[in-house]
Amino acid sequence: MRIASIDIGTNTFRLLVSEAEGASSIRKLYIAREITRLGEGLNPGQMLIKPNAIDRSLKVLTGFSLKLKEYEVRKLRAVATSAVRESLNGRDFVEKVEAVTGIPVEVITGDEEARLTVEGVLKSVRFDTPDCLIFDIGGGSTEYVYAKDGEIRNIASTGLGVVRLTETYLRGGIDTESDIASLNGHIDGMISLGLSSFPGGGGNNLTLIGTAGTPTTLAAMELRLAKYDPALVNNFILTRGMIENTLRAILRVPKSERTKIPGLEKGREDLIVSGIAVVLKTMERFSADKMVVSDAGLLEGIAYNMIGREGAAEM
């Protein structure tokens, strides 16, 4: 049976069409991702998805709906995350999506987002420690999950989204030292508060696993990929030194010219510094000198979760 999962994120929309093979396996048939910046301009003073962002999103989702028909998808689950669940017009957006594209959208909580991400990551990466810390850096939030022997022990959803951080702290054409100092101070405070119930530094007993756009982009940049290759990115190990060197290289280049850097896709040139700051502060919090990159995450978790379960829409 062919199934499809859609991740309607704050910055990026993604589609995965798979063939379900047995009770716990999928074969990927088609993957697409488009940067829509749905959460552009969302802030505590104006929590409304903007008309231009809605138009961009409907255009992308209309394209996704055509792919669902092309691949004769039988079951679909589309989920929306931070931007939609926090905006005042999120419900109106969901209704408009279904009316225009025929795609029913489920708005999920931060905890559900984290659990689905874990399901996708743990089936995709290799590590040999009893504990792992999985973090998913999105446009509107970052989810953290601490797992031991495959079982979730702690979950936290924080407001550390790269779109939100960038629009608040890094609005200029050049990221200044004072801007970055303010950004790092905010992230420090959010991590200290949001992860207060998590264990301390893990040392050699803990593997850090990063997923979503920032970690995969950092791996693609380290590999100098002219074209993104998930097989090379998945399970790539990034060290703190690699990430710090990448940050220094990026900061030497104005935002308008960063897309010339191999591996840095258009649409992330202004967001990557905020993402790197979250990565480095997370590594600092858990005393980690390296991390594993997972190309899989929420999108794959939705697919695995659908197999043999209720909750997906019949096509």
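Filter the stretch 97-133 down to the residues that are in a strand (DSSP E or B) and touching a Leu at 6+ places or on another chain (Cβ under 8 Å), then identify the one that is farthest from Asn205 (Cα to Cα).
Leu133
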Quiz item: In the stretch 237-295, what count of residues is obtained for those that are within 24 Å of Thr10 (Cα to Cα) and basic (Lys, Arg)?
Solution: 5
Self-check item: Qualifying residue in the stretch 263-271 (condition: closer than 18 Å to Asn184 by Cα, surrounded by 19 or more Cβ atoms within 10 Å (Cβ to Cβ) and in contact with a helix residue (DSSP H, G or I) (Cβ under 6 Å, 6 or more places away or on another chain))
Solution: yes
Exercise. Being under 14 Å from Ala147 (Cβ atoms) and assigned to a loop (DSSP other than H, G, I, E, B) is the filter; apply it to the stretch 196-209 and report the residue that is modelled with the lowest pLDDT.
Key: Gly202
Practice problem: State all residues of the stretch 36-79 that are without any contact (Cβ under 8 Å) to a residue 60 or more places away in the chain and of a type in the set (Asp, Glu); if no residue qualifies, say none. | Solution: Asp55, Glu70
Exercise. Using the structure shown, decide if Phe13 is in contact (Cβ under 8 Å) with a residue 24 or more places away in the chain, aromatic (Phe, Trp, Tyr), farther than 22 Å from Leu116 by Cα and not in a loop (DSSP other than H, G, I, E, B).
Key: no
Quiz prompt | Residue satisfying condition, being under 18 Å from the mean Cα position of the chain (by Cα), part of a helix (DSSP H, G or I), surrounded by 15 or more Cβ atoms within 10 Å (Cβ to Cβ) and in the same structural domain as Ser182 (by TED's automatic domain parsing), within set Ala220, Ala231, Ala303 | solution = Ala220
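Against the condition over 25 Å from Ile307 (Cβ atoms) and at pLDDT below 95, how does Asp111 come out, does it pass?
Numbers: over 25 Å from Ile307 (Cβ atoms): no; at pLDDT below 95: yes.
The answer is no for Asp111.
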Quiz prompt | Number of positions in the stretch 154-195 that are within 18 Å of Ser82 (Cβ to Cβ), in a helix (DSSP H, G or I) and out of contact with any strand residue (DSSP E or B) (no Cβ under 6 Å at 6 or more places or on another chain) | solution = 12
Practice problem: For Gly63, state whether it is modelled with pLDDT under 90 and either closer than 13 Å to Arg14 by Cα or surrounded by fewer than 14 Cβ atoms within 10 Å (Cβ to Cβ) (or both). | Solution: no
Quiz item: How many of the residues in the stretch 129-164 are surrounded by fewer than 24 Cβ atoms within 10 Å (Cβ to Cβ), of a type outside the set (D, E, K, R) and over 14 Å from the mean Cα position of the chain (by Cα)?
Solution: 10
Exercise. Looking only at the stretch 171-182, decide whether some residue is closer than 19 Å to Glu257 by Cα, within 19 Å of the chain's Cα centre (by Cα) and at pLDDT below 90.
Key: no
Practice problem: For the stretch 147-167, indicate whether the set of residues that are of a type in the set (A, V, I, L, M, F, W, C), closer than 15 Å to Arg285 by Cα and at pLDDT 85 or above is non-empty. | Solution: yes
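Has the stretch 256-271 got any residue that is part of a helix (DSSP H, G or I), under 18 Å from the mean Cα position of the chain (by Cα) and in contact (Cβ under 8 Å) with a residue 40 or more places away in the chain? Break it down into steps so the answer makes sense when it comes.
From the stretch 256-271, those part of a helix (DSSP H, G or I) are 256-260; that's our starting set.
Narrowing further to those that are under 18 Å from the mean Cα position of the chain (by Cα): none.
Checked against the condition, which is being part of a helix (DSSP H, G or I), under 18 Å from the mean Cα position of the chain (by Cα) and in contact (Cβ under 8 Å) with a residue 40 or more places away in the chain, the stretch 256-271 yields no hits at all.
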Self-check item: Criterion (over 24 Å from Phe135 (Cβ atoms), surrounded by 18 or more Cβ atoms within 10 Å (Cβ to Cβ) and β-branched (Val, Ile, Thr)) met by exactly one of Ile35, Ile108, Ile54
Solution: Ile54
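Kindly indicate whether Leu76 is over 18 Å from the mean Cα position of the chain (by Cα) and crowded, with 19+ Cβ neighbours inside 10 Å. Step through it out loud before you land on a result.
Numbers: over 18 Å from the mean Cα position of the chain (by Cα): yes; crowded, with 19+ Cβ neighbours inside 10 Å: yes.
Against the criterion (over 18 Å from the mean Cα position of the chain (by Cα) and crowded, with 19+ Cβ neighbours inside 10 Å), Leu76 qualifies.
The values are calculated or read from the model by the stated rules, or taken from the named source; none is laboratory data. Computed from a prediction, not measured in an experiment: that's the story for all the values here. Cβ coordinates were reconstructed from backbone atoms using ideal geometry, including for glycine residues, and neighbour counts include every protein chain displayed.
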